[in-house]
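Worksheet for the structure shown next.
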Amino acid sequence: MHSPIVFSALTLALSTSVFAAPLNQVRQDLLSLADTVQFIAKTKGSNPNPGALPDINNWLFTPVHSGAGQNLATLVDPSTAPLDLSLPGYFRNGTDAPHSDGGYITAGFLAGTTSTPPYSLVLAMSHDPNSPNPGAARGTVQFDAGVGTDGLDVPAGTLITSNYVTDAFWACPDVPVEGGSAIVVEATNRYADTPAGCWGIELYAQCAGSISDVNRDAFPAFVQSSCYADAASVVVA
């Protein structure tokens, strides 16, 4: 975690250089607020399932433990889990992706340690059982131990699954996690049907804290992802 002095400097940088720009502008310069990003969900269209889904626009993307070395990507109400931009975020680590020119997204090591493995954002995709199309794939977005190679990227401040394949993210309610339930982020490819009761979302990158020295040393292929100074204020067409 950053010291109060460092975080104050980041806050000052925001107030003097970022907010002078339009809120929809993506930061791409090297001297930026942050090297890492957090993700904020933006809903697409109207709520298809008001009985199970609250207004999840601008909810935070966060992992919840679901098994040994595995976490499901979920959405959390920011009023119950405020976004702390002094905490480490996710970063793009190189371009080792088999099916696109994207990169992979990782959180690296826990702050101050090198004994914990890096955790990477991955897609657990398989055939969509609800579709007769043999090419239809659906699965959860996970944050798992190790370095993933799913072609995930943040080319313009928004998380995408590939620069060549049109995939979609969904917020799906009432998924069992850790003895309870959560709103889990799922993904589908272009051939899959819309998941029943799930709300289409986009995941916007919010500029967060700087990558730690231990992670910068461990991941020399680090590339800063484009991010918004205030993703919650981005207007989605």
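The values are calculated or read from the model by the stated rules, or taken from the named source; none is laboratory data. What you see is a predicted model, and the numbers here were worked out from it, not measured in a lab. Note: ideal-geometry Cβ built from the backbone for every residue, glycine included; neighbour counts use all protein chains shown.
I need a count of the residues in segment 55-68 that are surrounded by 15 or more Cβ atoms within 10 Å (Cβ to Cβ) and in a loop (DSSP other than H, G, I, E, B). Step through it out loud before you land on a result.
Of the residues in segment 55-68, the ones surrounded by 15 or more Cβ atoms within 10 Å (Cβ to Cβ) are 56-64, 66.
Next cut, in a loop (DSSP other than H, G, I, E, B) only: 56-59.
Qualifying residue count, segment 55-68: 4.
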Within segment 148-181, how many residues turn out to be touching a residue at least 60 places away in the same chain (Cβ under 8 Å) and more than 28 Å from residue 229 (Cα to Cα)?
-> 5
Single residue of segment 69-85 satisfying the filter (buried (at least 17 other Cβ atoms within 10 Å of the Cβ) and either touching a His at 6+ places or on another chain (Cβ under 7 Å) or in a loop (DSSP other than H, G, I, E, B) (or both)) that is modelled with the highest pLDDT | 71
Tally of residues being over 21 Å from residue 130 (Cα atoms), assigned to a loop (DSSP other than H, G, I, E, B), in contact (Cβ under 8 Å) with a residue 24 or more places away in the chain and out of contact with any helix residue (DSSP H, G or I) (no Cβ under 7 Å at 6 or more places or on another chain) across segment 182-237 | 14
For residue 183, work out the one condition from (1) surrounded by fewer than 22 Cβ atoms within 10 Å (Cβ to Cβ); (2) touching a Leu at 6+ places or on another chain (Cβ under 6 Å) it doesn't fulfil.
-> (1)
Out of all the residues in segment 160-177, is one or more buried (at least 21 other Cβ atoms within 10 Å of the Cβ), assigned to a loop (DSSP other than H, G, I, E, B), modelled with pLDDT of 90 or more and on the phi < 0 side of the Ramachandran plot?
-> no
A careful count of residues in segment 31-54 that are outside any loop (DSSP other than H, G, I, E, B) and within 18 Å of residue 154 (Cβ to Cβ) gives 6
In segment 37-54, which residue that is buried (at least 20 other Cβ atoms within 10 Å of the Cβ) and among the hydrophobic types (A, V, I, L, M, F, W, C) is nearest to residue 187 (Cα to Cα)?
-> 41
